1. Name the pairs: first residue in region 158-177 and over 12 Å from Ala143 (Cβ atoms), second residue in a strand (DSSP E or B) and not aromatic (Phe, Trp, Tyr), Cβ to Cβ under 6 Å, at least 6 apart or on different chains?
2. Which numbered condition trips up Thr440, out of (1) among the β-branched types (Val, Ile, Thr); (2) free of Cβ contacts under 8 Å to residues at least 24 places away in the same chain; (3) within 25 Å of Arg341 (Cα to Cα)?
3. Mind checking which helices (runs of 4 or more DSSP H) fall wholly inside region 362-436 and carry at least 2 residues that are touching a helix residue (DSSP H, G or I) at 6+ places or on another chain (Cβ under 8 Å), without any contact (Cβ under 8 Å) to a residue 60 or more places away in the chain and surrounded by 17 or more Cβ atoms within 10 Å (Cβ to Cβ)?
4. Inside region 98-111, can you point out the residues that are surrounded by 22 or more Cβ atoms within 10 Å (Cβ to Cβ) and within 21 Å of Leu146 (Cβ to Cβ)?
5. Got a number for residues in region 1-47 being among the polar types (S, T, N, Q) and without any contact (Cβ under 8 Å) to a residue 40 or more places away in the chain?
6. Tell me yes or no: at least one residue of region 331-338 is in contact with a strand residue (DSSP E or B) (Cβ under 7 Å, 6 or more places away or on another chain) and surrounded by 17 or more Cβ atoms within 10 Å (Cβ to Cβ).
Amino acid sequence: MGDLAVETTPIPGLLVVRLDVREDARGWFKENWQREKMLALGLADFGPVQNNVSFNSNRGATRGIHTEPWDKFVSVATGRIFGAWVDMREGETYGATFHLELDPSVAVFVPRGVGNSYQTLEDGVAYTYLVNDHWRPGTSYPALDLADPTVAIPWPIPLDDCEISDKDLANPTLDQVTPMPAKKTLIIGAQGQLGRALQVDWPDADCVDLGELDVTDPAAVATWPWHDYALVLNAAAYTAVDAAETADGRRTAWAANATAPATLARLSDEHGFTLVHYSSEYVFDGTQPEHVEDEPLSPLGVYAQTKAAGDLAVGTARRHYLVRTSWVIGEGNNFVRTMQRLATQGASPDVVSDQVGRLTFTGELARATRHLVETHAAHGTYHVSNDGPAMSWADIAGAVFELCGRSSGDVNPITTEQYAAGKATAPRPMSSTMSLAKITAIGFEPRDQRDALRDYCQAGMRP
C-alpha cells in the first residue's frame, strides 16, 4: 500500500506510475486507471479506447519489441514481469532504453513511438494495457530484435530459454530499423491570408484547401488519414459578411463556419490531435468597449451567428485552442492594400469612423498560435490581435495615407449608417477591441499595430 505517484524516465514521455494497492485477507484492490488523479500528477490525457489483456501461461514468455503508433498504459493484474522499452522515434533519444520490474502495484505509460516488450517472471501472468486508438488492418510499425546488442536489454531469463514467437525472432536490429516519424501538422485553408502565414511557421505541414479536402463532405472526411496528425490548424472560413445574408451565402457560411468546425472537434477527440480554430470578434454585438474571452455570445448577422456556432462546437473538443481575432491583414486583398492603392491614385475615400478595434497581422496571429502550442498553454479560448490603442477604420486609413506621403485629412470620416445607406449590408459590431490580458499572461507579447502597419505598408511599396 502506498500513495499514487508518477516518475519520469530517461525516455521522454515514458512514465512509471506507482499505484495505490489496498490489501486485506481477501486479496487486493487498486484503481488501475484513474484519469483525474493521474492527470494531476502529470500523465497525458491520452483518451483510451480499447483495453487488452494478454494471459501468459508460463514463466519466460517474452514478447516484443513492438512500436505501435498509439499510446499505451501497461500494467499487470496477476504475477510479475520484466518490462523493457526502447525509444524508436526520430530524434536525439533514438535507441534510449529503460527497464523495470512490474507487479500489480506498478504501471507504465508508453508514448507513441516507444518500443514495448516484456518477459514473464512467474507462471500465470495477466498483462493488461489500455490504448488510445483501435487496431487497424494493415497497420505497420517498427519492431526490434529482443537480443539487439546495441540496446543490450538485461533479460533476467536468457532468451534461449524463453518462449518467443517466430515473428519476434525475425525482428531486425537497431541499425536496420527506420525510426518512427513524429505525427504531422495539417493546415486547412492553406491558400488564404492566414493559411499562408501559418505555412511560414509550420513549413513541413501538410497544406490543403477546399480542392484537396472539403471538411463539409462526409466522404472526404471518412477517407482522410486523421490519425497521422498531432496538430490541425483550421484557417478555413467563409468571410463574406454581407453575402452571408443571401440565401446561397447563408448555406455556405453555415457549412464552412459551423458544420466544418463541429466535424473537426469530433475528429479531434476521436484521433487525439490538437485542434486550433480561428474565430472572430463578430461573435459579440460590439456593445462592450473591450471583449473578454468569457463574454456571452451575442452575434448580430448571419456570418456572426455561424462563427458563434463554430465556437460552441470547437469548445467541446478536449484538446482545442479557439483563437478569436479581429480585422485580419495578410498577403492578398485587404483593407490596408486598398487604402494604399487609393492613396497612390490620388483618391480621397469615405471611411467609417465609428467602428473601433485593432488590426491583426497574420504573422502575429501565426506567432501567437505557435506560442500556445509550444508552451502547452491550457486549452481553451484566447483573444489575439496586435496591441496598441484602439483605432477606427478611418484612423487606420489616415495612417496608411500618411505612410504613402498623403495627408490623413484626405480621408473623409463617415458613420456606419452613412456607409450602409442604399446598400444590403450585414450589421457590424461597433467595438471590435478585444482584451489581450489572457494571452499576455502566458508570456506572449503582441506587437503594436502601428509599428506592424508601418512595416507592412513599407514592404508593399517596395518594387
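1. Pairs found: Cys162/Thr62; Glu163/Ala61; Ile164/Thr62.
2. (3)
3. Result: 393-403.
4. Val108, Val110
5. 2
6. Looking for residues that are in contact with a strand residue (DSSP E or B) (Cβ under 7 Å, 6 or more places away or on another chain) and surrounded by 17 or more Cβ atoms within 10 Å (Cβ to Cβ), one finds at least one in region 331-338, hence yes.
One line per residue, one yes/no per condition, for (1) part of a loop (DSSP other than H, G, I, E, B); (2) within 28 Å of Ala377 (Cβ to Cβ); (3) under 22 Å from the mean Cα position of the chain (by Cα):
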site	(1), (2), (3)
Ala308	no, yes, yes
Leu312	no, yes, yes
Arg318	yes, yes, yes
Tyr321	no, yes, yes
Glu331	yes, yes, no
Met339	no, no, no
Ser348	yes, no, no
Val351	no, no, no
Asp354	yes, no, no
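Laboratory data are not the source of any read-out in this text; all were calculated from the coordinates shown. The shown structure was predicted, so the numbers you read here are calculated from the model rather than taken from an experiment. Don't worry about glycine lacking a Cβ; one is built from the backbone with ideal geometry, like all the others, and counts go over all protein chains shown.
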